[in-house]
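Structure record follows, encoded as structure tokens.
The values are calculated or read from the model by the stated rules, or taken from the named source; none is laboratory data. Predicted, not measured: the structure shown is a model, and the values here were computed from it. Note that we place each Cβ from the backbone using ideal geometry, even for glycine, and neighbour counts take in every protein chain shown. Please note that ligands, DNA and RNA were not included when accessible areas were found on the heavy atoms of the full protein model with its side chains. Shrake-Rupley method; radii C 1.70, N 1.55, O 1.52, S 1.80 Å.
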Amino acid sequence: MSTTVAGLSSASRNKPGKRVLPGFALSLGVSLLFISLILILPITGLIVQTSGMSVAEYWAVISDERVVASYKVTLWAAAIASLFNGVVGLLLAWVLVRYEFWGKRIVDALMDLPFALPTAVAGITLAALFSEGGWYGEYLAALGLEVAFTPLGIVVAMAFTSLPFVVRTVQPVLEDLAPEDEEAAVSMGASDWTVFRRILFPSLWPALMTGIALSFTRSLGEFGAVIFIAGNMPYVSEITSLMIFIRLQEFDYAAASAIASVVLMASLVLLLAINLWQARYLRRLHGR
Amino acid sequence: MVGGLSVLGRLKGAAGVLALSAGMVMTPAHAADQEILNSSYDIARELFSDYNELFSEHWQEESGKTIEIKQSHGGSSKQAQAIIQGLRADVVTYNQVTDVDILHERGNLIPENWRERLPNASSPYYSTMAFLVRKGNPKNIKNWDDLAREGVTSVLPNPKTSGNGRYTYLAALGYAQKTFEGDEAKIDEFLKTVLSNVAVFDTGGRGATTTFVEREIGDVLLTFESEVNNIVAQYPEGGYEVVVPKVSFLAEMPVTWIDRNIERNGTEAVSKAYLEYLYSEEAQRLIAGFFYRVHNETVSEEFADKFPEVELVSIEEIAGDWENAMKVHFASGGKLDQLQRR
């Protein structure tokens, strides 16, 4: 099967203008144009804005003590939020794929709410809920937990805005898993845990990792939801996006772009790493 | 933003305004002869929506023309940036001189001597920084030194992102300079303690109000005297109290027209009239009604009981001039950064 496909595509590659699907040149051209306009040009703009700085200046800006503190806060909060989303998102996807229950369609649709909602709205709502007088905050305060206006608030905001990434990447993979493997394993006497560990998890793992990584990179750049709930205390609950905002308020565009470029590079490296890892993992899994 | 909304809801002419920290307000759509855009700061939304009505009537009597005034509100540094980047606002009505100066420095949109074009250094009204405390003033907060006491938490906008926050910092600095008579170490220590007692640094003035009133964070809110009084009027059931410290900062509210834009927009006459009319007795009365202090003597006597006596320290006394204040205190790595370092 695979040889025929390969043969076909190599044959069509030899004859330009004769392809299985029409309009390749046009659609590729349009795609590349839009990728350039929407992705590459803005990124270039960012680089151009920083290019006026010397290396030493650039380094001074991005290694400023307060900025470094903000990296730490952002990284920790994003890590906790995305790991939390990994667990909860997997459960949600599992329930949505494997069970039938009343209102499932609504729950499924609600899953996208954090995507659809302006993040500022999310931030305001979360701050209201989790502050001491709020619905959740009241009970959490009784437990001695302060969420709003502490670093924990940042985690909550990041987890909320990036949850769909995990659910929506895991869901289709779960849907595609054939039940036969599980049934065979069960009929051979495997426990539920063994089935999950040996059959389900190896197939789900790459999608879950991608989901967690997307959730993480999204959290790195989150601004709207976080500033309303973070308290924005220097060295404690200031996120990197706020530092960018602060530099802009100081009319220091170059410094703002410099810090932005750090976030951009972190996201790019992470996405690239996860893609490479996934490709290798899949190759190993399928023995190709 | 529930707080912001209910504040707005009370005031006529502002219906339908749903804005977070920044937004555009338009008077009802009708074909006006002319249109101008006023770029203003965060918490002046209600003031200007009332003033616009007053001015529209005045302008119609004066020139026989109808005018539509669009309002754009946000943090005034952000507003200034938008203009530099090409927003064709006709006039600016800000709460900080540096945000107008930047229009000359970065955009070359106005002449350097813009402060000389209107009376009182182009500042038709002024305000100062005051405290809002909870019912009965349980922590007994009377003056700046109370903010440095242990167990007193405060809420103020981030001096890095808000002119409002910068004023508060300067007011505290002015108090410290007077109290500690130039003892730099003591002044720094005092400011450091005040800053470390802050519970939340919101990015703008309205955000800080929401945090204090709606989220019930902090013992004291630090913001403009005008905003503080408006909150008290807005939430009578909250029982909030206004405390005006004995010494505070003279917060000027500079206005100017954007020469480059009014030329292009063909709105020169009306834009100038719009700002000049701010100095008229009717306008000053309206402004004083929003708890801003005004220069007009008749009006300030009328409203005397609304404004307690306070020693207002100017930027010149505290830091020489704005340029110096920005460089020494607020630039990255400056005094503020040092004081906030852990």
Given charges of +1 on the Cβ of Lys and Arg and -1 on the Cβ of Asp and Glu, with all other atoms neutral, how large is the dipole of the range A:60-167 about its Cα centre, in debye to the nearest 20? 280 debye
Take each uninterrupted DSSP H stretch in chain B, measure its Cα extent along the helix axis, and return the ones at 15 Å or beyond whose mean Kyte-Doolittle hydropathy is at least -1.0. B:163-179, B:184-196
How big is the charge dipole of the protein assembly as shown about its Cα centre, in debye rounded to the nearest 20, if each Lys and Arg gets +1 on its Cβ and each Asp and Glu gets -1 on its Cβ? 3440 debye
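What does the helix-only formula give at 222 nm for chain A: each DSSP H stretch with n ≥ 4 adding -39500 (n - 2.57), the total divided by the residues, and the result rounded to the nearest 500 deg cm²/dmol? Present the calculation step by step, with values, prior to reporting the outcome.
Values: 15 runs with 216 residues, N = 288.
Taken over chain A, the calculation gives -24500 deg cm²/dmol.
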Cα-based Rg (one decimal) and Dmax (whole number) for the range B:252-342, in Å? 18.6, 53
Run the numbers for A:Arg198 and A:Glu175: contour at 0.36 nm per residue of separation, minus the present Cα-Cα distance, in nm. 6.5 nm
Could you state the principal axis extents of the C-alpha atoms in chain B, from the largest down, to the nearest angstrom? 60, 44, 36
Members of B:Lys70/B:Lys135; B:Lys135/B:Lys306; B:Lys246/B:Lys335; B:Lys139/B:Lys327 lying beyond 27 Å, as alpha-carbon distances in this model show: B:Lys70/B:Lys135; B:Lys139/B:Lys327
For n ≥ 4 DSSP H runs only, could you compute -39500 (n - 2.57) per run for chain B, divide by its residues and tell me the 222 nm figure to the nearest 500? -12000 deg cm²/dmol
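Within the P(r) computed for the protein assembly as shown, what percentage of the Cα pairs occupies the region above 32 Å? Display every interim value, and only then the final one.
Values: 112354 of 198135 pairs.
Value for the protein assembly as shown (Cα pairs over 32 Å): 57 percent.
With Cβ to Cβ distances under 12 Å as the rule, what net charge do the other residues near B:Gln34 carry (K, R +1; D, E -1)? Don't skip to the answer; put the middle values down first.
On the way: positive: B:Lys65, B:Lys70; negative: B:Asp33, B:Glu35, B:Glu68, B:Asp90, B:Glu268.
Computed value for this residue: -3.
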Expressed as a whole number of Å, what is the distance separating the alpha-carbon centroids of the range A:24-76 and the range B:256-306? 44 Å
Under a crude label model (7 Å from the Cα following the beta-carbon direction), how far is A:Trp102 from A:Ala60 in nanometres? 6.7 nm
Need one number: nm distance between label points at B:Lys65 and B:Thr179, each 7 Å from Cα along Cα→Cβ, rounded to one decimal. 5.3 nm
Of B:Leu147, B:Gly238, B:Thr203, whose Cα points farthest to the positive end of the dipole of the range B:117-264 (charges on the beta-carbon: +1 Lys, Arg; -1 Asp, Glu; origin at the Cα centre)? B:Thr203
Is there a quick way to get the dipole size of the range B:191-238? I mean about its Cα centre, with the Cβ of Lys and Arg at +1 and of Asp and Glu at -1; what is the value in debye to the nearest 20? 200 debye
Return one whole number: the accessible area per residue of chain B in Å², for a 1.4 Å probe. 39 Å²
